[in-house]
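Here the structure comes first, spelled out in structure tokens, and everything after it is commentary.
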Amino acid sequence: MIERQRTDYRGQMTEKSNKSAQAFAEACNCLPGGVNSPVRAFGGVDIGPVFVAGAKGSKIHDIDGNEYIDYVGSWGPMILGHAHPEVLKAIGAAVEKGTSFGAPTLAETALAKKIIAAFDSIEKVRLVSSGTEAVMTAIRLARAYTPKKYGRFANRPYIIKMAGCYHGHSDSLLVAAGSGLAEGAIASSGGVPDSIAKLTVVIPYNDIEAAKAAFGTHKGKIAAVLVEPVAANMGVVPPVEGYLQTLRNLCDQDDSLLIFDEVITGFRLALGGAQELFGVKADITCLGKIIGGGLPAAALGGRADIMDMLAPTGPVYQAGTLSGNPIATAAANATLDILTKEDCYRRLESSAAMLEAGLADAAKEAGIAVTINRVGSIMSCFFTEREVRNFADVQSTNIKRFKRFFAEMLEQGIYLAPSAYEAMFVSLAHSKADIEKTIEAAKSCFRKIKSEK
Ligand code: KE4
């Protein structure tokens, strides 16, 4: 049983975390690691987790009564801030009519239309309940999809993914780079057979030559390239100039599909996600997080000729009891309505740019080497003096310093993602005062860290 108590970065138990520590110990008796998703256990920062009591706007508060400015935002969904009144009102109205029917509803069609309106590459949508489901389905669809000239099913076996990108926990994607391109990947999780892992090819993100080599090795057998168009699961790592277009070209040349996993970037970087920002169209787009408005909803979308291969119109099976759930779609529709109507992305850019500049100045003032990668309202602060352009670069940063930074910022009421391999999310609810307080806290943290060996 994990007895890891929450301490401040000086290693003392603080009276500010007694109840969370006790709750964690109790949870560990009935939940593996005391949590229902591993990162929440704070294993990446070597202290015990915060147990949340509630949240409103940009703030989250724990069961010990501590309040924090929240830059996790439930890992991306809470772009409007927590408990947005219009979203709560929509949820309340929907709940009055029942919570799940297992039958089509108008709200699902309305949500699909909003997604189609936002993404030029999407003609049809399938709603699911998690990002994992969306990506898992996209891969199955890509393997079955065959340009007419190949006849019925190509059932192309290979998927190319990038090291450091995370696409949920389906077997094909819990893999790491193998010993060579021809051998395919090796499993990175228990329970994933080599026979499945080896059908995924893992190459470095931002490495155009590696992508070309993979298409050379597996010519005619690659169903799809799957990529986070802006990586945000190794910290934030933007695509280098031309990278996404090169992947697009390689797929076109070999009749493979390009799958953009926009579970984080969709409706985050722009209404049309990274595709709108970088002008590169995917064949299949996976969405989640924001499109659920904080409730379990995700989606995949693409051209009609691809999407119509899904059951019941086509031979690729996919289903879900709670897909398009009326409460989740109510939250989703309310969220996207606000994002579509208000001047959101300019406001997000302004807040995030202010935070980035403030953190950079604070680190410089303290003499701490940091690299801040930011795209729109997602960013990461890496403790290194070098550029961070792929997973190996992230692994070479000073993770120990990140842990100190995290713990000290938490003590100062700033709730960052408890891992050096995650992103900071700025929401529309983050005020100028929130950003200023965060910068002041960082100044103090950087000074303390600098004084340590
Ligand atoms: P879910 O199955 O967790 O809804 O989505 C999986 C997923 C797919 N694609 C991308 C780009 C993602 O970031 C995710 C999930 N993200 C993680 C953290 N970055 C969710 C947090 C967690 O695992 O608890």
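The values are calculated or read from the model by the stated rules, or taken from the named source; none is laboratory data. This one's a predicted model, so the numbers in the text were calculated from it and none came from an experiment. Because the Cβ atoms are built from the backbone with ideal geometry, glycine has one as well, and the counts that use them run over all protein chains shown.
All of Ala274, Ala298 fail the test of being under 19 Å from Asp171 (Cβ atoms) and of a type outside the set (Asp, Glu), apart from Ala298. Count of the range 20-38 residues, restricted to those that are aliphatic (A, V, I, L, M), within 16 Å of the ligand (Cβ to nearest atom) and either outside the structural domain of Leu410 (by TED's automatic domain parsing) or not in a loop (DSSP other than H, G, I, E, B) (or both), is 1. Only one of the numbered conditions (1) surrounded by fewer than 23 Cβ atoms within 10 Å (Cβ to Cβ); (2) in a helix (DSSP H, G or I); (3) not hydrophobic (A, V, I, L, M, F, W, C) is violated by Glu385, and that is (2).
Of the residues that make up the range 140-157, is at least one within 15 Å of the ligand (Cβ to nearest atom), modelled with pLDDT of 95 or more and within 24 Å of the chain's Cα centre (by Cα)?
no
Looking at the range 54-159, the strands (runs of 3 or more DSSP E) lying wholly inside it that each contain 1 or more residues that are out of contact with any Asp or Glu (no Cβ under 9 Å at 6 or more places or on another chain) and of a type outside the set (D, E, K, R) sit at 124-128. Can you find a residue that is under 14 Å from Ile122 (Cβ atoms) and polar (S, T, N, Q) anywhere in the range 247-262? So far as the range 247-262 goes, no, none of its residues is under 14 Å from Ile122 (Cβ atoms) and polar (S, T, N, Q). Do we have any residue at all in the range 170-178 that's surrounded by 21 or more Cβ atoms within 10 Å (Cβ to Cβ), at pLDDT 95 or above and within 12 Å of the ligand (Cβ to nearest atom)? Within the range 170-178, one or more residues are surrounded by 21 or more Cβ atoms within 10 Å (Cβ to Cβ), at pLDDT 95 or above and within 12 Å of the ligand (Cβ to nearest atom). If the condition is being surrounded by fewer than 20 Cβ atoms within 10 Å (Cβ to Cβ) and either among the acidic types (Asp, Glu) or not in a loop (DSSP other than H, G, I, E, B) (or both), then the range 188-202 contributes Asp194, Ser195, Ile196.
Taking the condition aliphatic (A, V, I, L, M), at pLDDT 95 or above and touching a strand residue (DSSP E or B) at 6+ places or on another chain (Cβ under 6 Å), does Ala55 pass? So Ala55 fits the description; yes. Of note, Tyr345 satisfies the criterion of being within 26 Å of Val227 (Cβ to Cβ) and of a type outside the set (D, E, K, R). Consider the range 426-453 and keep the residues that are in a helix (DSSP H, G or I), polar (S, T, N, Q) and modelled with pLDDT of 95 or more. The one that is surrounded by the fewest Cβ atoms within 10 Å (Cβ to Cβ) is Ser444.
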